[in-house]
Amino acid sequence: MTGLKSSLTYFIIDDLINSICTYLPKYQGLLKNLKKNGYEIIGYARKSPTGEDATCRTRLLKSMISNLKERSFATKIFVSPCSWASTPLESRDLQPNSQAILDDLGVEGNTQDLLTYLKSVSHDVCLVAIDFAGITTRSEDIIKLVKTNPSLKKIAIETFAQCNEVFIFNTEKLVEDHDLLQKFEDRN
């Protein structure tokens, strides 16, 4: 049994190394191409209201922010420091009680600031999040976000920790394709 366990461990590690060596460069190449074509890459991070203290919450959010900047080349980051993935986007961060965390994180703002920013720009934008639930688990939120923000042309989902797949959606196709929208619903 030890030989089988050892072979299985080797296979898993080899598969992980292969994924790291192929997934990240492919994903980053796609994002670099978007930047070269005039897209602004904006990151969005969201943390559910679980039981950790403010220090732990801030540390976890800083890790997400770092990943969005380093792996996804986001130049602006917006954060919802305490919201459920199932909360409608327009209902998030309406209370100013998280301003201290946002200041400590050094980000552009919260969800409301993101929505305001997207409405104010006329250039093409790619919104990046870590995992599908990092944005929402409500496909109707995605549809509304795209339809009310014509500058939002792409949505990229960074799944490096989960499945090493590249998800960069053309928003026009995304809102018309139930199967693609289901990827957001399935991440509860």
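The values are calculated or read from the model by the stated rules, or taken from the named source; none is laboratory data. All figures in this text were calculated on a predicted structure; none of them were measured in a lab. Virtual Cβ from ideal backbone geometry, glycine too; neighbours counted across all protein chains shown. Just so you know, the surface numbers come from the protein's heavy atoms only, side chains and all, with ligands and any DNA or RNA stripped out. Shrake-Rupley method; radii C 1.70, N 1.55, O 1.52, S 1.80 Å.
So the values come out like this:
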{"quantity": "Long-range HN-HN contacts of Val79 with modeled amide H, under 5 Å", "calculated": "Ala45, Gly109, Asn110, Thr111"}
{"quantity": "Theoretical FRET efficiency, 1/(1+(r/R0)^6), r = Cβ-Cβ of Lys36 and Asp179, R0 22 Å, to 0.05", "calculated": "0.15"}
{"quantity": "Net dipole in debye of the chain [+1 Lys, Arg Cβ; -1 Asp, Glu Cβ; about Cα centre; nearest 20]", "calculated": "380 debye"}
{"quantity": "The chain, accessible surface, carbon-and-sulfur percent (1.4 angstrom probe)", "calculated": "53 percent"}
{"quantity": "Prolate/oblate/rounded label for region 132-176 (Cα gyration tensor, a/c 1.5)", "calculated": "prolate"}
{"quantity": "Global size of region 86-125 as Cα Rg and Dmax, reported in angstrom", "calculated": "11.5, 32"}
{"quantity": "Relative packing of 107-118, 76-87, 170-181, which averages over residues the other C-beta atoms within 10 Å, highest first", "calculated": "76-87, 107-118, 170-181"}
{"quantity": "0 to 90° range, to nearest 10: angle between helix 2-36 axis and the chain longest Cα axis", "calculated": "30 degrees"}
{"quantity": "Length released on extending from Thr137 to Leu60, taking residue separation times 0.36 nm less the Cα-Cα span", "calculated": "25.7 nm"}
{"quantity": "Lys/Arg +1, Asp/Glu -1 at C-beta; region 22-78 dipole; positive extreme among Ser72, Asn33, Ala45", "calculated": "Asn33"}
{"quantity": "Candidate aspartates and glutamates for bridging to Lys32, where Cα separation is under 20 Å - those fewer than 8 sequence places away on the same chain excluded", "calculated": "Glu40, Glu70, Asp124, Asp131, Glu158, Glu165"}
{"quantity": "Options Ala129, Tyr23, Gln182, ranked by Cα towards positive dipole end of the chain, top entry (Cβ charges)", "calculated": "Tyr23"}
